[in-house]
Every structure is written in C-alpha cells, then in structure tokens.
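The values are calculated or read from the model by the stated rules, or taken from the named source; none is laboratory data. Everything numeric here is computed off the predicted structure, so don't read it as measured data. Cβ: placed from backbone, ideal geometry, glycine included. Neighbour counts: every protein chain shown.
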Amino acid sequence: MKLQNFHVEIADWSREDQRNALLDLRDTVFIQEQSVPEQRERDGLDVDCWHVLARDDSGLPIGCGRLTPLHKIGRMAVLPDWRGQGVGVALLRELVGRARTLGWPEVALDAQVSAIGFYERAGFVAHGEEFEDAGLAHRSMHLPLAAVDDQPQVPLPDTGALPATTGAEVAAARRQLLGDARHRLAIRLPVLDSESYASNEELDELRRIATSGRSALIRILLHDPDGALRNDHRLIALAQRLPSAIQIRVPVDEVDLGWASACLLNDVGGYLFLPEADRPQGRAARSNRANAVPLQQHFDEVWDRSERASTLQTLDI
C-alpha cells in the first residue's frame, strides 16, 4: 500500500554516494538558503552519527537528519518544494524511534525558533533561553522517552546480560529467551533467514509457547513474507498449524519498512536487539525491563499500523 510519494531510508556515511547526498542536501538548505558558514555546518561529528535520508519516487534526495552519540537530533533538512508534505515528520519519527530502541531515556535537539511549533507537535518541550547558533535564533528542546528519576542519567546495566556479538552468541541468546518465555513473544525480522528460528530446539520452544494456554500469543513482524515462503521456512509451517496463536503482520509504512533492526522480546523482561539484522552484533539480557520496555513500545506501535501478511492468507493466518 502506497502511503506517500517518498520514502525514508537509513544512510551509510561510509558510502560515498550516500554521504554526498546528505552533504548536498545540507549545503542547499543550511549553507545556501540559511547562510550557515560551511565550517560550522561541517562539525566533524557525522562519522559517528546515525543518518536518515528521504528520497522521492524517482530516488532523488529530498530530506535528511541525524542522531548523534550525544543523544541529540540534528541536521534536519527538507528541500523547499517538499516542505509541508510530511517529510520532516517521517524523518523525525525515524530518529526518535532509533533513540527509543537504543534505550535512551530522552532525546534532545536545538531547534531554530521558527521550527519550535513543528517539534512541539511531536511532543518535544522547549526549555531555557533563546541563543544564537550560526547567526540563527535557537532554543533547546527535549523529548522524554521513558520514565526516569531525578538521578543523573547513566546507562542502566543489563540484568542477566547475554553475550550477543557473534552468530553463535546470538543464536544462544535467542534459545535462552525462548526457553524463558511463558506465554507471549514479540519478534521483528526484516528477513527470516534459514538459520533463525529454524532449529528443532527453537521450534519446540515456539510450539510450547503457542500452546501454553488461552493467553498464548506470538506476534511476528516480517518485512519479507514472500522470501520466507520461497525458502519454505519451518517457522511458517508452524504458524500454519497454529494460526490462532502465531500472528504475522507486514509493515506497510515506508518509514517502518526502512528499519533494518531485529528484536526478540519475551514476557518476562528478556530481550535481544540487533541494530542491523544481518549483522550478529547486538545486546541481550534475560531480564531487563528498563531496556526491553522501549523496544516493546516501538514494536507495538509498528504492529498497530501494520497489515496481515497477504501472501500468507492461503495458510489462514
């Protein structure tokens, strides 16, 4: 289903074509339009940032933004002809979603005064006095992402942390979390590869959870159900036999489809999160609700706006 005439994708700063696309957009909006000095715009942080890029239907870049290691959103830029068409909203939602999945308690930004209303509509709150940056009036803003106390913000340690930096460790963490689960799971998979959720041990645990009682429910967000069917994945066969307990949906929003991360969440506070689904480098814990809850919230948001996998309808799912 086509929701808009543009899409948002994750941009890799190390790739020359994507880096040039980001810099060209920022040159047009900040340096040429707003007269920001080039040396101020090029601040040296980009190599350590997480970038998003909006493109129109023909593939031309139309907007961008970034998330810095300092927990700040910045370099939000949309070409003039595309303003007011939801591009900025889509970029911002992607960046906030990334901060939430990383478990950050809040995300901040320095907004040009003229854009404060835009960010307020997204839930950001302005604080402090106006200040000048690159000749433009700004105010600091922040958006709480989770309940926090008044203590200084420090990363919360995982309780029962599981190693998840190699393929073998990720597989072991996945088996552990399936074994710990009682009645419910939430699984997000851009692609269901032949090695994941396919072993006898994993399928036995999935079957146990799906048949554990009236409250049993396994929800799976799958970006590519066609691929899973072509590969005759064993998880699909299990879902065919237990359609009431195993539900599969496909994201339809271009922003949601652009996410490359994968996660597994159980109902006892355990989680496995891979920022890039095709790379076995992530984080996991048997019980850490402080980190699991933001992932669960984001999963639920995407689930609510996703659709039943049409290619699996013949399986009565």
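Values for this structure:
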| read-out | value |
| --- | --- |
| So L70, is it closer than 30 Å to Y271 by Cα and in a helix (DSSP H, G or I) | no |
| Answer from D43, D24 - the residue that is outside any strand (DSSP E or B) and without any contact (Cβ under 8 Å) to a residue 12 or more places away in the chain | D43 |
| Count - residues of segment 15-57 that are modelled with pLDDT of 90 or more and either in contact with a His (Cβ under 8 Å, 6 or more places away or on another chain) or small (G, A, S) (or both) | 6 |
| Count of segment 37-66 residues which are surrounded by 12 or more Cβ atoms within 10 Å (Cβ to Cβ) and in contact with an Asp or Glu (Cβ under 9 Å, 6 or more places away or on another chain) | 11 |
| Out of R230, R279, R174, R283, sole residue that is more than 22 Å from the chain's Cα centre (by Cα) and either of a type in the set (D, E, K, R) or assigned by TED's automatic domain parsing to the domain that holds V96 (or both) | R230 |
| Boolean, I246 is crowded, with 23+ Cβ neighbours inside 10 Å, touching a helix residue (DSSP H, G or I) at 6+ places or on another chain (Cβ under 7 Å) and within 21 Å of D180 (Cβ to Cβ) | yes |
| Every residue from segment 90-120 that is in contact with a helix residue (DSSP H, G or I) (Cβ under 8 Å, 6 or more places away or on another chain) and part of a helix (DSSP H, G or I) | A90, L92, R93, E94, G97, R100, T101, F118, Y119 |
| Qualifying positions in segment 249-261 - surrounded by fewer than 22 Cβ atoms within 10 Å (Cβ to Cβ) and assigned to a helix (DSSP H, G or I) | E254, L257 |
| Selected residue [of a type in the set (S, T, Y), in the same structural domain as L23 (by TED's automatic domain parsing) and loosely packed, with under 12 Cβ neighbours inside 10 Å] from S114, S140 | S114 |
| Qualifying positions in segment 110-124 - of a type in the set (D, E) and free of Cβ contacts under 8 Å to residues at least 24 places away in the same chain | E120 |
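Table: residues versus (1) assigned to a helix (DSSP H, G or I); (2) within 21 Å of L178 (Cβ to Cβ); (3) out of contact with any strand residue (DSSP E or B) (no Cβ under 8 Å at 6 or more places or on another chain).
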residue	(1), (2), (3)
C263	no, yes, no
L272	no, yes, no
A290	yes, no, yes
Q296	yes, yes, no
